[in-house]
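The values are calculated or read from the model by the stated rules, or taken from the named source; none is laboratory data. These numbers were taken from a predicted model, which means no experiment stands behind them. Note that we place each Cβ from the backbone using ideal geometry, even for glycine, and neighbour counts take in every protein chain shown. Side chains included, ligands, DNA and RNA excluded: accessible areas come from the protein's heavy atoms. Shrake-Rupley method; radii C 1.70, N 1.55, O 1.52, S 1.80 Å.
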Amino acid sequence: MVSINGTGCCLIDYLYPNVDFSAPAFKAALSKKDGDGGLGIGKLVFAEHFETFMGRPYDTVLKELSGGKPSYNLGGPSIVSLVHAAQVLGDTAQVGFFGARGSDATGGLVEAALGRAGFSGGLSDKHARYCLARIEGPTPRTDVLSDPRYDNGHGERTFINVIGAAGLYESGFLTSGVLQGENSPPSDEFFNADIVAFGGTALTPRIHDNLTGLLEKAKQKKAFTLVNLVFDYRSEQTSPGKKWKLGKNDDAYPRIDLLIADKDEAWRTSGCPSPGDALRWFLEKGCGAAIITEGSRAVHFASGRAPFTVFKPQTLPVSGAIDRELAAHPEKRGDTTGCGDNFAGGVIAGIAGQLEERGPEELDIREACVPGIAAGGFACFTLGGVFYEKQSGEKAKLLEPFIEAYRKEQFSVLK
Ligand SMILES: Nc1ncnc2c1ncn2[C@@H]1O[C@H](COP(=O)(O)OP(=O)(O)OP(=O)(O)O)[C@@H](O)[C@H]1O
Ligand SMILES: [Mg+2]
């Protein structure tokens, strides 16, 4: 049985569906110049900076702007990818999420959603489990204000992230040390896995800054290491326009077996706007393999060292069968939230399958992209990133025809 442990971003997205971006109160909350902490259409700000910008408590301002009750979803690159991997791998794998919640009602929503997604609390023998450190203060969340009438009815959104407990979650919760609290795992538990996955750690800053050491520890334990990026708003704010770092000294790469990023993240992290150049840069810096996604456009990938066989930078298309299904049944369309996170989950599942089959050698990055492409596309059918199964095995079954169709259509490429 393959074991997968992951940490990083796990939060609740609150969606306020009917905000008027043309209202005077909203206009007053808009950023006047880059990095001033004001809201940006299509952009994310941190609640604490927004609060300073407004000069009033964030919760009061949110009430004024949001007008009404939100709906909510479990989100975050780490948990969404792990939920997907656990669902499609079923009993062939043991999946664990390690993270933080705060002391508020949102924390309860996170745990309820994890339960609905088949995860059990504590470090049981269950096939999907979570270990959430309880930290005083708010649970991480993103408030999403949406104006469906904006831009002649195309609609737009603006995002406000409350980092809360995620801002205090640090390496000590994952390693042995002073921070071992009631809900902390026994020392090394996190690293004792076949796959150790870091997802969206730019939104768990203390983990992000210690990425190199944490990856090193996972490598010492002979784990396969995977890093799935998220937009690094903190770097963007502290050093606008500068290249983002992975690890405090930009030295995480040799310890990363597989890096997954979307095109913008790859560009900002490598400094290379073209995905081909970015892939080359990541491999030169020491990554085993890298994948760059580009929404409904191609998926770029390359691999350069063990445990992978070598692939020069090349592309695969997204799933045509999913596009056809969406065109034939527009009523099945959800939204594109979590496409990237599910893509990463599919790739994690693909790597897990290969590890089970042949051990940590001669892994095939092109083959691992296929379940990612199906999972990323499939997320277009759901609202939010998580698909809640009615019975276990449901998602794997629904994905099967898309994976099969993809292999058939790409037969000339995929031998
Ligand atoms: N419209 C689409 N049709 C088919 N597949 C899609 C579509 N949008 C996304 N995907 C699949 O999901 C993958 C990841 O999407 P994308 O590059 O948008 O990730 P992202 O920017 O990280 O998204 P997010 O952060 O919102 O989850 C794509 O490579 C593709 O396989
Ligand atoms: Mg993403």
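Structural remarks
Yes/no matrix, rows are residues, columns are (1) touching a His at 6+ places or on another chain (Cβ under 7 Å); (2) more than 10 Å from ligand 1 (Cβ to nearest atom); (3) open to solvent by less than 10 Å² (accessible area, probe 1.4 Å); (4) at negative phi:
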position	(1), (2), (3), (4)
Gly340	no, no, no, yes
Leu355	no, yes, no, yes
Ala368	no, yes, yes, yes
Ala375	yes, no, yes, yes
Cys380	no, no, no, yes
Gln391	no, yes, no, yes
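- Subset of the stretch 289-307 [open to solvent by 10 Å² or more (accessible area, probe 1.4 Å) and more than 15 Å from ligand 1 (Cβ to nearest atom)]: Gly304, Arg305, Ala306, Pro307
- Considering residues of the stretch 235-255 that are over 16 Å from the mean Cα position of the chain (by Cα) and under 21 Å from Cys10 (Cα atoms) only, the residue most open to solvent (accessible area, probe 1.4 Å): Glu236
- Every condition in (1) surrounded by fewer than 21 Cβ atoms within 10 Å (Cβ to Cβ); (2) at pLDDT 95 or above; (3) of a type in the set (Phe, Trp, Tyr) is met by Phe231 except one, and the failing one is (2).
- Residue in the stretch 315-338 that is farthest from Glu404 (Cα to Cα), counting only those that are polar (S, T, N, Q) and open to solvent by 70 Å² or more (accessible area, probe 1.4 Å): Thr336
- Selection from the stretch 190-207 of residues that are open to solvent by 10 Å² or more (accessible area, probe 1.4 Å), away from ligand 1 (no atom under 16 Å from the Cβ) and assigned to a helix (DSSP H, G or I): Pro205, Arg206
- Matching entry among Pro254, Pro307, Pro273 (being away from ligand 2 (no atom under 16 Å from the Cβ) and more than 20 Å from Leu214 (Cα to Cα)): Pro273
- Residues in the stretch 214-228 that are open to solvent by 40 Å² or more (accessible area, probe 1.4 Å) and touching a residue at least 60 places away in the same chain (Cβ under 8 Å): Lys222 alone.
- Counting only helices (runs of 4 or more DSSP H) that fall entirely inside the stretch 1-108 and contain at least 2 residues that are polar (S, T, N, Q) and at negative phi, the qualifying elements are 58-66, 77-89.
- Tally of residues being at pLDDT 95 or above, aliphatic (A, V, I, L, M) and more than 16 Å from ligand 2 (Cβ to nearest atom) across the stretch 369-399: 5
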